[in-house]
Each structure stands twice: as C-alpha cells, then as structure tokens.
1. Modelled label-to-label distance, residue 3 and residue 139, 7 Å Cα→beta-carbon offset: nm?
2. Using a 10 Å cut-off on Cβ atoms, rank the peptides 69-78, 50-59 from the highest mean neighbour count down.
3. Once every DSSP H run of n ≥ 4 in the chain is given -39500 (n - 2.57) and the sum is divided by its residues, what mean residue ellipticity at 222 nm do you get, rounded to the nearest 500 deg cm²/dmol?
4. Just 35, 87, 157 to compare: in a GNM of the chain, with alpha carbon springs under 10 Å, which one fluctuates most?
5. Just the number, please: Stokes-Einstein D of the range 23-97 in µm²/s, Kirkwood Rh from C-alpha pairs, 20 °C, 1.002 mPa s.
6. Of the heavy-atom accessible surface of the chain (probe 1.4 angstrom), what whole percent is carbon and sulfur?
7. Can you pull the semi-axes for the range 1-64, root of five times each eigenvalue of the Cα gyration tensor, sorted largest first, whole Å?
8. Using a/c under 1.5 as the rounded threshold, could you call the range 136-193 rounded, prolate or oblate? The axes a ≥ b ≥ c are square roots of the C-alpha gyration tensor eigenvalues, and prolate needs a/b larger than b/c, oblate otherwise.
Amino acid sequence: MLNMAKAGRNCVYFSLETSTEKIFDRLVTNYTHVDFQRLKQRELFPSETDLVAEATGEILHLPIHIVNASGKTVEWIKAEAIRLRADVIFIDYLGLINAKGKSRYEMVTNTSLALHTMAQTSGITIICLSQLKRPESGTKRRPTMHDLRESGQIEADADLIILLYNDKEAGEYTVIVEKNKEGNVGFIDYKFD
C-alpha cells in the first residue's frame with residue numbers, strides 16, 4: 001500500500017479487526033524499518049525517534065486512508081471507497097465482512113460475489129486478505145487456493161490469488177502465485193525480516 005500511495009494511487013485500508021492506530025504504527029515501521037516491538041513498547045533510540053517523527057509526517061501526506069470497518073457490509077465499504085475516491089482498497093479481512101446468509105459458507109460466498117461485482121462496476125482495485133484453513137496437526141505442506149477458508153467462491157471471483165508459506169524450521173519462506181488471470185503462476189522464495 002505504501003508503494004502504491006507513493007506512486008500517487010489513492011489507497012483506502014478497511015480494517016475489520018485492528019485499530020487505526022495499530023495499522024498506522026505498522027505503516028511507520030514498514031516505512032522506516034524500525035523494529036515494531038520497540039516502537040510498541042516506546043523503547044526507541046533517539047535516532048529512531050527522529051526517523052519515526054519524520055516518517056509520520058511523510059505518511060500523513062500520502063494518499064492513504066485507514067478506515068475502521070468493523071461490522072460493515074460490502075455496500076458500506078463500496079460507498080466509503082467511492083466517497084474517498086479510492087483507486088485501490090485493501091480489506092483486512094474477507095471473513096469479517098458482515099453479509100447475509102444462513103451459514104458461514106453462504107456469508108463468505110455472498111461477500112466474495114459482492115466484492116467481485118464491486119470491482120467490476122466501480123473500477124476500484126480490491127486487495128482482500130482471507131484466512132486459510134488450518135492444516136491438520138503434524139501436516140507440513142504448501143497451501144493451495146483450495147485451502148481458502150469457508151468458500152470456493154473466492155477461487156472463482158479472484159483475478160489473482162497469492163498465498164504466503166513459511167517453514168520456520170527449514171528457514172523456507174515462499175510466495176505462491178496460485179492464480180493469475182493476467183500472467184504466470186509459480187513460486188517466489190523470499191526472506192522475512
């Protein structure tokens with residue numbers, strides 16, 4: 001989101017579970033590379049305090065809006081995104097969006113369909129986080145899009161599905177491009193700091 005905002009895209013982050021302040025702290029530590037735990041505990045070195053203050057000012061001037069969307073619907077998210085003239089929105093996360101349905105499956109299916117329709121009709125790019133099913137105890141394997149939690153509809157509606165995998169014991173971190181309507185799929189090894 002920071003990179004998109006730096007490139008001039010108007011970004012709106014809809015958080016359904018994390019406070020605006022915590023999201024902003026994460027943006028600052030991402031921007032500055034200051035240790036997140038030390039920022040949270042207010043144990044920064046003097047040079048880091050100056051860096052955080054400077055970064056805070058810079059981030060506040062970027063086209064980023066952080067919106068508390070707890071308990072909200074796709075219709076509300078769409079109205080807010082249009083009001084804020086979003087080019088791209090981030091939703092954290094799909095399973096927490098309020099939707100109609102008799103079961104979790106129906107609710108997530110309806111949410112996925114509504115987000116897909118919103119993207120098609122509004123022209124707003126939607127980046128939506130979704131949880132994965134937990135692997136069975138003792139199972140070690142890379143996830144697939146079939147592991148997306150609660151609904152197969154997500155697989156059908158998404159243009160791009162990116163999964164993150166880590167095997168901490170082996171030190172293996174992988175970005176899995178599982179679905180990509182406009183390009184290649186495959187694996188990208190990465191390091192996590």
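The values are calculated or read from the model by the stated rules, or taken from the named source; none is laboratory data. Everything quoted here is computed from the prediction, not taken from an experiment. Neighbour counts are summed over all protein chains in view; Cβ atoms, including those assigned to glycine, are modelled from backbone coordinates with ideal geometry. Protein only, heavy atoms only, side chains kept; ligands, DNA and RNA dropped before computing areas. Shrake-Rupley method; radii C 1.70, N 1.55, O 1.52, S 1.80 Å.
1. Taking the two extended label points, one gets 3.2 nm.
2. 69-78, 50-59
3. Here the helix-only value at 222 nm equals -11000 deg cm²/dmol.
4. Comparing 35, 87, 157 in a Gaussian network model of the chain, the most mobile one is 35.
5. After rounding, the answer is 150 µm²/s.
6. Summing carbon and sulfur atoms, their accessible area is 50 percent of the total for the chain.
7. Each semi-axis is the square root of five times an eigenvalue, giving 21, 15, 8 Å.
8. oblate
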